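Notes to accompany the following structure.
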Amino acid sequence: MFSQGVLAYMLPLKIAGLGLPPELSGLLLSVFGVAAILVFLLPVNRIFDKAKPLYTLIAGFSFMGLSLFLLSAAETAPLLYAIMCAYGIGFALSFPSINSLLIDSTELSSRGKAYGLFYAFFSLGVVGGSSFTGILELNADEGFMLSGTLLIGAALANALLSKR
């Protein structure tokens, strides 16, 4: 969710820096959301029944991280739309995976507390992403690259730790 905070803060700055209309920020965030919803609704969602949640989490983090790197380099509206679709696909792969891993990692008696903590940190991640990049005074491209690096690092760490 750190990346969500970075995206919400930096995307309008990126759009302004490119001289594109400000309403494009909202449209791009909508494209990300629609892409994620389509993954949940279309037959591609069967991936969640066939693949281990850790693998879809790694794929989702990788998609999101690579999308943020591409977003830092993008300069045209059509490219921004395509990248936000990819980011939405990554988010759609990650979110159910996190929920599945949470269920697999908790006892039924502590699941409510675990979900409460999960959503608290979920919200803190959004606040942390925008706050941290603001404190560092990063420009939009630097913010996207930082967040992309963290996501790719998390994907790699999970991949390496899963082999143990």
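The values are calculated or read from the model by the stated rules, or taken from the named source; none is laboratory data. The model shown is predicted, which means the values in this text are computed figures rather than measured ones. For accessibility, only protein heavy atoms count, side chains too; no ligands or nucleic acids. Shrake-Rupley method; radii C 1.70, N 1.55, O 1.52, S 1.80 Å.
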query: Tell me, what % of the accessible area of the chain is carbon and sulfur with a 1.4 angstrom probe?
result: 71
task: Could you list which residues have their amide H under 5 Å from that of L138, counting only those 5 or more apart in sequence or on another chain, with H placed in the peptide plane?
output: none
field: Principal axis box of the chain, alpha-carbon based, largest edge first, Å
entry: 51, 37, 29
message: Residue by residue through the range 108-125, what is 3J(HN,Hα) from phi via Karplus (6.51 cos²θ - 1.76 cosθ + 1.60, θ = phi - 60°)? Round to whole Hz and write x for glycine and proline.
response: 4, 5, 10, 5, x, 5, 4, 5, x, 5, 4, 6, 5, 5, 4, 5, 4, x
- prompt: aspartates and glutamates near K52 by alpha-carbon distance under 18 Å, same-chain residues fewer than 8 away left out - which ones?
  reply: D104
query: How many angstrom lie between the C-alpha centres of the range 4-47 and the range 77-99?
result: 8
- request: Could you do me a favour and compute the accessible area per residue for the chain, 1.4 Å probe, result in Å²?
  value: 54
The chain: angle of helix 77-104 to the longest principal axis, Cα-based, in degrees nearest 10: 20
